[in-house]
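First the structure, in the form of structure tokens, and then the observations on it.
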Amino acid sequence: MKIKVLGSSAGGGFPQWNCNCPNCDGFRRGTVDALRRTQSSLAVTTNNADWLLVNASPDILAQIASNTELQPARAVRDSGIAAILAMDAQIDHVSGLLMLREHHCPLPLYATASVWQDLSSGFPIGPILSSYCRIERRQIPAVGGDGATLAIPFLTDVKVTALALTSNAPPYSPRRNSPVAGDNIGLVFENSATGKRAFYAPGLGVIEPHVMAAMCSADLLLIDGTFWTDDEMIRLGLSSKTGADMGHLALTGTGGMIEVLDTIARPNVRKVLVHINNTNPILRERGPERAELERHGIEVAHDGMQFEM
């Protein structure tokens, strides 16, 4: 099983097009040592030919251009993307579907019932694409306490489990502030042959017991690293909302993600932060915050980062 980080940034990417925070402004001026990042997305394969795209970000065309595995190779009209899985209906995770409208056949899309509802109403990507390539709906079963197992045929010997995460529906959703199980999910990828597991959760605000169990049993954690502090956006004058208000557990503070990750003692586990906001100081390659992460054995994902399991 091969896992590739296509995009490692939160919504807006890095640098964000309209932002003059210290990170974005410093990057443009050349005074901040950091890597350009596209918006959050992952790709998984077992045969290097057929890939599951996890979240279709607005940057999907740039991500395809940067990853030859996803480019056409077998026919005049073709793609290495064999299916797409939407973990939620947030704009930065699904609007890339519109960029794939020229697909040569209907796009297989795995999504929960609540995500599909949003993509059929509040943000009607499904109806829009019915005039283009169309979407072939693959429903993710109801995600109970033990999660839901998905059958993805081309991921040979890989068990995929969807876990419900406590989260709100997107701001545009008719169900905003009335969340249901399935509005946001985490994913466990398990190689049936080796028993190796990866847990992917780019949007994680609450560490519930079933989430902690998945984290503790994983050999690879690709986990929410959106904000350094809970009040990051407020202090910078960019928002009136905390990280928790936006559904993200900050890295620092009591009960923060660093503290949670420190409790995971599984031998040789890799702890990698994804979905990093443009304001987060860990983007600075040689900053004190990055050094702090290194002391805790925590890595920062970058676009193109790859894992073999």
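Values in this text are rule-based calculations from the coordinates and carry no lab data. Please read all numbers here as calculations on a predicted model, not as lab measurements. Cβ: placed from backbone, ideal geometry, glycine included. Neighbour counts: every protein chain shown.
A few points about this structure:
- Residue order, fewest to most beta carbons within 10 Å, for H104, H248: H104, H248
- Label positions at Q71 and T263, each projected 7 Å from the Cα along the C-beta direction, are separated by 4.6 nm.
- Each residue of segment 135-141 was assigned a 3J(HN,Hα) from its phi angle through the Karplus curve 6.51 cos²θ - 1.76 cosθ + 1.60 (θ = phi - 60°); the sequence is 10, 9, 6, 10, 6, 7, x Hz, with glycine and proline shown as x.
- Max mean-square fluctuation residue, GNM over the chain, Cα-Cα springs under 10 Å, options P106, P267, P58: P267
- Cleavage-rule hits, GluC sites (Glu not before Pro), segment 260-308, DSSP coil, Cβ neighbours within 10 Å at most 16: E285
- For the options G182, G225, G26, a Gaussian network treatment of the chain with springs between C-alpha atoms closer than 10 Å singles out G26 as fluctuating the most.
- Disulfide-incompatible cysteines by the Cβ rule (no partner under 4.7 Å) in the chain: C21, C105, C133, C216
- Only one residue of N55, I81, A169 has its Cα farthest out toward the positive end of the dipole of the chain, where Lys and Arg carry +1 and Asp and Glu -1 on Cβ, and that residue is I81.
- Length gained when the stretch E208-I128 is fully extended (0.36 nm per residue, less Cα-Cα span): 25.2 nm
- For the chain, the dipole from Cβ point charges (+1 on Lys and Arg, -1 on Asp and Glu) about the Cα centre works out to 500 debye, to the nearest 20.
- Rounded Å value of the spacing that divides the Cα centres of segment 1-73 and segment 190-239: 18 Å
- Positive-end extreme of charge dipole, segment 2-308 - chosen from A148, L35, C21 (charges on Cβ): L35
- Cβ-derived FRET efficiency at R0 41 Å, A193 paired with R29, nearest 0.05: 0.25
- Solution diffusion estimate, µm²/s, Stokes-Einstein, the chain, Kirkwood Rh from C-alpha pairs, 20 °C, viscosity 1.002 mPa s: 110 µm²/s
- Simple label model, 7 Å out from Cα along Cβ direction - R286 to I234, nm: 3.4 nm
- Given the chain, longest segment not containing exposed loop chymotrypsin sites (Phe, Trp or Tyr not before Pro) (DSSP; at most 16 other Cβ within 10 Å): 173-309
- Volume per residue of the convex hull around the Cα atoms, evaluated for segment 199-260, comes out as 74 Å³.
- DSSP bridge orientation in segment 2-308 - percent antiparallel, rounded to nearest 5: 55 percent
- The shape of segment 244-309 comes out rounded: with a ≥ b ≥ c from the C-alpha gyration tensor, a/c is under 1.5.
- The chain: relative contact order as a whole-number percent, Cα under 8 Å and 6+ apart: 19 percent
- Expected 222 nm ellipticity per residue - DSSP helices of 4 or more, -39500 (n - 2.57), all of the chain, to 500: -4000 deg cm²/dmol
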